[in-house]
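The values are calculated or read from the model by the stated rules, or taken from the named source; none is laboratory data. This is a predicted model, so every value here is computed, not measured. We place every Cβ from the backbone using ideal geometry, glycine too, and count neighbours over all the protein chains shown. The accessibility values were calculated without ligands, DNA or RNA, using every heavy atom of the protein model including side chains. Shrake-Rupley method; radii C 1.70, N 1.55, O 1.52, S 1.80 Å.
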Amino acid sequence: MFEKVLTGHINIPDSQKLANYEKTGGYRAWRKALKEMTSDQVIEVVKQSNLRGRGGAGFPAGMKWGFVPKTTDKPHYLLNNADESEPGTFKDRLIINGNPHSTIEGSMIASYAIRANTCYIYIRGEFVKEAKVLESAIREAYDKGYLGKNILGSGFNLDMYVHRGAGAYICGEETGLIESLEGKRGWPRIKPPFPAIEGVFRCPTIVNNVETLACVPYIIERGAEWFKSIGPASGPGPKLYCLSGHVKKPGVYELPMGVNLKELIYEYGGGILNDKKLKAVIPGGSSVPVLTAEEIDVAMDFDSLAKIGTMLGSAGVIVMDEDTDMVNALLNIAHFYRHESCGQCTPCREGTHWAEKLLKKIKSGQGTMADIDLLAEVADHINFRTICPLGDAAAMPIQSFVKKFRHEFEAKVRKSAA
Amino acid sequence: MNIAFSNDAMKEFREIVARYPNKRAALLPALHLAQREFAWLPYEALEYVGRLLELPYSEVYDTASFYTMFKLKPTGKYHLQVCHTLSCALRGAGAICDHVKEKYGIGNGETTPDGKLSLVKVECLGSCGTAPVVQINDDYYEDLSPEQLDRILEGFKS
C-alpha cells in the first residue's frame, strides 16, 4: 500500500506549522544526520536511494552533491530552486503551502552534506504568499534551534534565507538562477565550470528543486531501501504529478513513481472534461514532446517516458480534448518561449520569434506547406545550439506537434489555398 | 516624487543587505522593497537603489528591465495579471480577458482612465490545476469565472 509522505498531512489545519510537521516525524532526520552521520555518509545514502532531480532534468541528486570539492577554502552554498514556472507545473507550490518544513529540512540536510553554511531558497516573485509561508517556517526553525550557530550542539552552522525572483522563467535554469541571485539578469552561464565547482559568488554551489529536497528527510529517516522500493529502482520514490487542462479533477497527485499515465488521467483525474475524447497529452511540462491519445498507456517515470521519445520533466501533465486546435495550442507554447527567451543566444532569441510568427501566419490561414516545413526546420536549428536548455524546450514541442499532428497544420494551409 | 525609504523600510533594507556576501546580490530584494514603498520604479527609484547599493543607474536598469514584475511604468491601483499560458488558455483565460475588455474597457497593457484598474496578460503563474487564474496585485484568484472576477472587483470598491 502506497503511503503519501510529501503530502501526507497537508489536509490537516495548520499543516505548515513546525509542531504539526514534527508530529509526523519531522526533523528526526535532521537530528539523525547531525548526530549520527558524517557529510559523506549522508551523500552515500542519497546516492544509494537513486533519488533523481524533480525539477526537470532528472539528474541523480547524490551524485550531484558528490561533485562538490572536498578541499576548498571557499564557502559552499545550497540553493533550493523554488522558481516553479514550467507551464503545467504547480507541485512545489503545494509543498511550500502545505508542507514547507519538508523542503526546509531537506535543505538543511543537503547543506550539511555539501558543507554549506548558507542556503537560499530562490522562489519565483509571483509566489508572494508562499514566500511568506517559507519565511515564517524558517523563523520557526531558528526558534527551535534547527538553524543558526552550533545547531543542536553539533558545531555545524547554517543560515537560511528566502530570495524572491521577479518574473522570469529562465531563472529556473540553475545557472540563470545563480546569476539572478547575484543581482543580475538571469542569463545562463556556459558550463563548465559546473556550479558544484564554481557557482554563486564563484563558490561551490548545489542547486536542487523543492520536491527533490523534500524527499531527502524521508530518505534519511527511512533509508535508501525504503525509497527504492517505490516505483522503478533506477529512478524511484514518491512523486508529485500535476494534472491540468481538460480533466475533470485537475490537481496534484502524490503517487508512486511510474504510475500509468492513462490511469492518472482517467482514474485519479476522473477522465476528460465533459466526457469528451482525448486528443493529446503533454506529460512533463510544456517543453517536452507531446503524446497522442494512443500513446498514453505508459509508466510515468524517467526511463519509460524517454523510451517513447518524451520526458518526465517536471511531471506537469497537460491534457487536451478532441476539440483542441493543435495549431493554437502550439502557438500558445511558442509564444511562451519567445517571451521567456533571455535573448543571450542567437538561435533561441531569433528562432523563437520566427516560430511564433510562422505559427501566427499558419493560424491566420495565410500559411503555405513550405511554412510548415520551415517551422520544423527553425526548431531543428534551435535545438542543442544554445547555452541552456531553454532552446531545446522551445524546439521539442514544435518538432513533436508538427510531426504528430501535421494534418491539422496542413488543414489550415489547405483552407487558405482553397 | 520624494524618493527615500522610510525608517522602517531602511531597517528592512539593512537586514536584506546583511544576507549576502556582496551588495549587488541584494538588488532584486531591494527593488521589490522600493516597488512596495513607491508603487512603481521611476528613474529616481532605480537611481536611489543604485546609490544605496553602490551601483550605477545603468546596471540597476539593466537588471530591473529584465524582470516582468518590476514596474518601470505605473499600473492601476488594482493590477490584473491574467495568466494566458496553455492550461489557463484551455480553461477559459481568453473569456476573462474578453470580459475585462468589454466591461471595463481595457486591453492588454492598458489602464482605466481613473487609474483604478490595469490589465496585463502574463505567462504561466504556476497554478495550472486551478485554471484560469488571475493575480491581482499580490494575491492569486483561482478557478475564476468572469462573474466571480466582477464580484471580487466590486468588493475592492475604493
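A few comments on the model shown:
- For the range A:99-132, filtering for residues that are touching a His at 6+ places or on another chain (Cβ under 8 Å), more than 24 Å from residue A:37 (Cβ to Cβ) and small (Gly, Ala, Ser) leaves 1.
- Scanning the range A:311-337 for residues that are farther than 21 Å from residue B:129 by Cβ, more than 10 Å from every other protein chain (Cβ to nearest Cβ) and under 21 Å from the mean Cα position of the chain (by Cα) yields a single hit, A:334.
- Any hit, the range B:106-116, residues being more than 17 Å from the chain's Cα centre (by Cα), farther than 28 Å from residue A:250 by Cα and open to solvent by 30 Å² or more (accessible area, probe 1.4 Å): yes
- Taking each residue of the range A:165-186 that is within 10 Å of another protein chain (Cβ to nearest Cβ) and part of a helix (DSSP H, G or I) and looking for partners that are buried (at least 24 other Cβ atoms within 10 Å of the Cβ) and β-branched (Val, Ile, Thr) with beta-carbon atoms closer than 6 Å, six or more apart or interchain, yields A:181/A:200.
- In the range B:102-158, the residues that are part of a helix (DSSP H, G or I), away from every other protein chain (no Cβ under 14 Å) and touching a residue at least 12 places away in the same chain (Cβ under 8 Å): B:103, B:104, B:146, B:149, B:150, B:152, B:153, B:156
- Residues in the range A:210-250 that are free of Cβ contacts under 8 Å to residues at least 24 places away in the same chain and in a loop (DSSP other than H, G, I, E, B) were compared, and the one that is farthest from residue A:84 (Cα to Cα) is A:229.
- Residue ID - farthest from residue B:77 (Cα to Cα), chosen from residues in the range B:19-60 that are part of a helix (DSSP H, G or I) and of a type in the set (Phe, Trp, Tyr): B:57
- Selection count where residues are assigned to a strand (DSSP E or B), under 21 Å from residue A:240 (Cα atoms) and out of contact with any Leu (no Cβ under 7 Å at 6 or more places or on another chain), scope the range A:286-318: 3
- The set of residues from the range B:33-86 being away from chain A (no Cβ under 14 Å) and among the charged types (D, E, K, R) comprises B:37, B:44, B:47, B:51, B:73, B:77.
- Taking the criterion of being under 22 Å from the mean Cα position of the chain (by Cα) and without any contact (Cβ under 8 Å) to a residue 12 or more places away in the chain, the only residue of the range A:129-164 that qualifies is A:132.
- Selection within the range A:64-77 - away from chain B (no Cβ under 14 Å) and crowded, with 17+ Cβ neighbours inside 10 Å: A:64, A:65, A:66, A:68
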